[in-house]
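Each value in this text was obtained by applying a stated rule to the coordinates, not by laboratory testing. Predicted model, so just to flag it, every value in this text is computed and none were measured. Cβ placement follows ideal geometry from the backbone for every residue including glycine, while neighbour counts extend to all protein chains displayed.
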Amino acid sequence: MESKKNSDNVTQIRRVTWIGIVVNLGLAMVKFIVGFLGSSQAVIADAVHSISDISTDFAVLFGVKYWSAPPDEDHPYGHRRIEALITAVIGLALLIVAFVLGYKSLTTIRDDHIGQTAWIAILGPSLSIVSKEILYRWTVKIGYRVKSSAVVANAWHHRSDALSSVPALIAVAASATNAKWAFVDHIGALIISIFILKVSWDIVRPSLSELIDRGASTKDHHIIKKIAKNVHGVKGVHAIRTRKFGSNLHVDLHILVDAEVSVRLGHNISEEVKSELIGKGPNVLDVVVHLEPFEIKK
């Protein structure tokens, strides 16, 4: 059952990613053509951005084959760290896009703009904004459904492309109306670069935390302790350790039980603790329970 669910998740990820590749290729071609015909450097630059998005799509396609693989002898905890690595790479790609966009807007804001853009150039960024926003919504929905941080990160890359098309759209409209108004492109690009910078940090931060083995949040830690303590026969819980693997948690904890209970009963209590945590805990995938005798201190 679990294997079928994993296979279905991989199929959904591949489908939406391949569609993203096709959309990015189509948009890049349209932007190059209308940018050339309409004499718009902003639209041509936006076409280059669409092509760069394809690299993150292929990163997801390449990575899902490996991070979805079941645990093996060399990787007893599975391969989900590969997803964290790819998520971080996508976040860093967004970070680079933000810096390049912001730097370019600041360094060229005083440049003279000679010539007037034709209205046909507005077709490229208009199509990009609509199609990439639709693709973002679809991709992020699937990302949350299959609990994949890499797919969610790639969805935000789609939205960054839609947002980066906004200054190109404004620049075309402004320049086509009056060549002196082309400077608004730089102001819009700077604002959007700050937004993309914030999004990239929100993507990179949790991925890096996972790669350096940061445990569950304080809130999740308390939830885990409460669930374990509510199991009948558990007198106390301590030494809780957690490790994140993708959206899942591996938990290691010690429980205190009556010192006089049999080994069989103690084992049954620990199995119930494991079952309760996997069923009710915060995305708990596996649990290791250590038994200790509970003794009243005199």
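Here are the numbers for the structure shown:
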{"read-out": "The chain: C-alpha gyration tensor shape, a/c 1.5 cut-off, then a/b vs b/c", "value": "prolate"}
{"read-out": "Size of electric dipole in the stretch 228-273: Cβ of Lys, Arg +1 and of Asp, Glu -1, about Cα centre, debye, nearest 20", "value": "260 debye"}
{"read-out": "Reach of Lys198 by Cα under 20 Å, taken over aspartates and glutamates that are not fewer than 8 positions away in the same chain", "value": "Asp53, Glu133, Asp161, Glu210"}
{"read-out": "Förster-model FRET efficiency, 22 Å R0, Lys141 and Asp202, C-beta, rounded to 0.05", "value": "0.75"}
{"read-out": "Proximal aspartates and glutamates to Lys65, defined as alpha-carbon separation beneath 14 angstrom and excluding residues fewer than eight positions away on the same chain", "value": "Asp8, Asp57, Glu83"}
{"read-out": "Other-chain or far-sequence residues with amide H under 5 Å of Phe245's (modelled H)", "value": "His250"}
{"read-out": "At R0 = 35 Å, FRET efficiency that the Cβ-Cβ distance of Ile51 and Asp252 yields, to 0.05", "value": "0.15"}
{"read-out": "For the chain, calculated [θ]222 nm from helices alone, where every DSSP H run of n ≥ 4 adds -39500 (n - 2.57)", "value": "-24000 deg cm²/dmol"}
{"read-out": "Cβ-derived FRET efficiency at R0 41 Å, Glu271 paired with Asp8, nearest 0.05", "value": "0.90"}
{"read-out": "Size of electric dipole in the chain: Cβ of Lys, Arg +1 and of Asp, Glu -1, about Cα centre, debye, nearest 20", "value": "580 debye"}
{"read-out": "Inter-site label distance for Val288 and His75 at 7 Å from Cα along Cβ, in nm", "value": "1.9 nm"}
{"read-out": "Dipole-positive endmost among His75, Leu253, Trp119 within the chain (Cβ charges, Cα centre)", "value": "Leu253"}
{"read-out": "Ordering of 62-70, 208-216 by packing [mean C-beta count within 10 Å, highest first]", "value": "62-70, 208-216"}
{"read-out": "Set of aspartates and glutamates near Lys274 by C-alpha distance (under 17 Å), chain-local residues within fewer than 8 positions excluded", "value": "Asp220, Asp252, Asp286, Glu292"}
{"read-out": "Helix runs (DSSP H) in the chain reaching 20 Å along axis by Cα, Kyte-Doolittle at least 0.0", "value": "2-37, 41-67, 81-107, 123-145, 149-177, 184-211"}
{"read-out": "Potential lengthening between Ile19 and Lys180 on full extension [0.36 nm per residue; Cα-Cα distance subtracted]", "value": "54.1 nm"}
{"read-out": "Cα-based shape type of the stretch 218-294, given that a ≥ b ≥ c are square roots of the gyration tensor eigenvalues and the cut on a/c is 1.5", "value": "prolate"}
